[in-house]
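What follows is a set of notes on a single structure, which appears directly below.
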Amino acid sequence: MVETFNSSAPIYLQLVERINRQILRGELKPGDKLPSVRDMGIQSGVNPNTVSRTYRELEGMKIVETRRGQGTFVTENHEILQNMREQLKQEEISHFVASMKAMGYSGHEIMNGLKTFLTHAEGSESE
Amino acid sequence: MIKLEHVTKRYLKATALKTIHVTLETGKIYGLIGSNGSGKSTTLKLIAGLIQPTKGSIEVDGIRVDRRIAAKVSYLSELDEYYGFYNVRQTIDFFASQFSDFNREKAETIRDYMKLDPESKVKHLSKGNRGRLKMVLTLAREVPVILMDEPLSGLDPMVRDSIVKGLISFIDLEHQVILITTHEIKEVETLLDEVIVIKNGEIAGQCNVDDLRYEQNMTIVEWMTKIYE
């Protein structure tokens, strides 16, 4: 099935985020070739022009490099990937904290809740 | 490129289109949306040269449109207009005999992609498979303009999915412009570059889909709803 995109953000940015996550999870490794614009379009059910825009955006972020006549590749510059990893972490945390605060939780409560949650989650993972 | 200037279309006393101006560029996929009877099909038929404007001019690749524009335009009608006694292969053969730009090899590739049995009789095809056959016949032509009137209408989600993906796979955006009318807006939202809203025979808006999301934080459905309010 065509993958679903949420309605709140531009499709090309959602695709950027998706590729970044694939890199973080190691599904795409440094130096890996991304699918061609058309193949990526078919896989995700997205207009090839939108995929081009996604690749241009990733290029601007230096996360991918386009080699003429060869395709688009994930950068092998680990510093950039490390920065991206850090940045996504910060974004995710600030979203989480903002919505917790909006519900009236204090920083202290958030910290404790998170600690307890992680202890349980890691406990059940190691079982 | 398609250019409509000052185009008005009247059917007897009823006005279907009122002085519309639209320019469509090669390399893009356009969606034409609007309520029933807003003038979508009329616009497509005008570009395909099937009907004549009452006023104004229509050009495709710089050529003024008349019935002979069929050589440059592949038009998918919302109706089923195929011979029921032909099977799928004979229908493809018939189209190949009618259009010199028909790429039989490409038709075969698309037919295979759409999993259509070449021996099936057209009159025995399910509605979904008739929809797939229409895609084969429309996309196998190597023409600068592809017009599709309601390609997804009345089809189940699996067929709609195969049609959307088939479209991305087999169009040639370097040389073609695609114009689709549809009510299944969510289904085609990721497919479109630009969307044109038509209301009571007038163009009520035209914009890039991702710009709409980026600048106004709106989906096409929300935008269209706002225009129709």
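Only the coordinates and a few stated rules stand behind these numbers; no lab work does. Source: prediction; values computed, not measured. Note that each Cβ is placed from the backbone with ideal geometry, even for glycine, and that neighbours are counted across all protein chains shown.
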ask   = (1) hydrophobic (A, V, I, L, M, F, W, C); (2) over 26 Å from B:LEU133 (Cα atoms); (3) touching an Asp or Glu at 6+ places or on another chain (Cβ under 7 Å): which one isn't true of B:LEU44, the others all being true?
value = (2)
task = Report yes if B:THR54 is free of Cβ contacts under 8 Å to residues at least 60 places away in the same chain and surrounded by fewer than 22 Cβ atoms within 10 Å (Cβ to Cβ), otherwise no.
result = yes
message = I need the full set of residues from segment B:182-198 which are surrounded by 24 or more Cβ atoms within 10 Å (Cβ to Cβ) and within 23 Å of B:THR15 (Cβ to Cβ), in order please.
response = B:ILE198
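Table: residues versus (1) surrounded by 15 or more Cβ atoms within 10 Å (Cβ to Cβ); (2) touching a strand residue (DSSP E or B) at 6+ places or on another chain (Cβ under 7 Å); (3) farther than 24 Å from B:GLU189 by Cβ.
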position	(1), (2), (3)
B:VAL7	yes, yes, yes
B:LYS13	no, no, yes
B:LYS18	yes, yes, yes
B:THR23	no, yes, no
B:LEU32	yes, yes, no
B:GLY37	no, no, no
B:SER41	yes, yes, no
request  = Report, by residue number, each residue of segment B:141-185 that is in contact (Cβ under 8 Å) with a residue 60 or more places away in the chain and either more than 28 Å from B:GLY37 (Cβ to Cβ) or polar (S, T, N, Q) (or both).
outcome  = B:ARG141, B:VAL143, B:PRO144, B:SER153, B:PHE170, B:ILE171, B:LEU173, B:GLU174, B:HIS175, B:GLN176, B:THR181, B:THR182
remark   = The helices (runs of 4 or more DSSP H) lying entirely within segment B:174-229 that contain at least 3 residues which are at the interface with chain A (Cβ under 9 Å from one of its Cβ atoms) are B:209-216
request  = Name the one entry in B:LEU4, B:LEU79 that is away from chain A (no Cβ under 14 Å), of a type outside the set (Lys, Arg) and within 17 Å of B:ILE196 (Cβ to Cβ).
outcome  = B:LEU4
message = Checking the condition loosely packed, with under 11 Cβ neighbours inside 10 Å, assigned to a helix (DSSP H, G or I) and within 18 Å of the chain's Cα centre (by Cα), which residue from A:GLU122, A:GLU86, A:GLU59, A:GLU91 passes?
response = A:GLU86
request  = Quick one: count up the residues across segment B:127-172 that are more than 14 Å from chain A (Cβ to nearest Cβ), hydroxyl-bearing (Ser, Thr, Tyr) and in contact with a helix residue (DSSP H, G or I) (Cβ under 9 Å, 6 or more places away or on another chain).
outcome  = 1
inquiry  = It is to be established whether one or more residues within segment B:102-124 are crowded, with 18+ Cβ neighbours inside 10 Å, touching a residue at least 40 places away in the same chain (Cβ under 8 Å) and more than 21 Å from the chain's Cα centre (by Cα).
reply    = yes
task = Can you give me the number of residues within segment A:1-35 that are more than 12 Å from chain B (Cβ to nearest Cβ) and either within 12 Å of A:VAL74 (Cα to Cα) or in a loop (DSSP other than H, G, I, E, B) (or both)?
result = 16
remark   = In segment B:104-139, residues that are part of a loop (DSSP other than H, G, I, E, B) and farther than 15 Å from B:LEU152 by Cα total 7
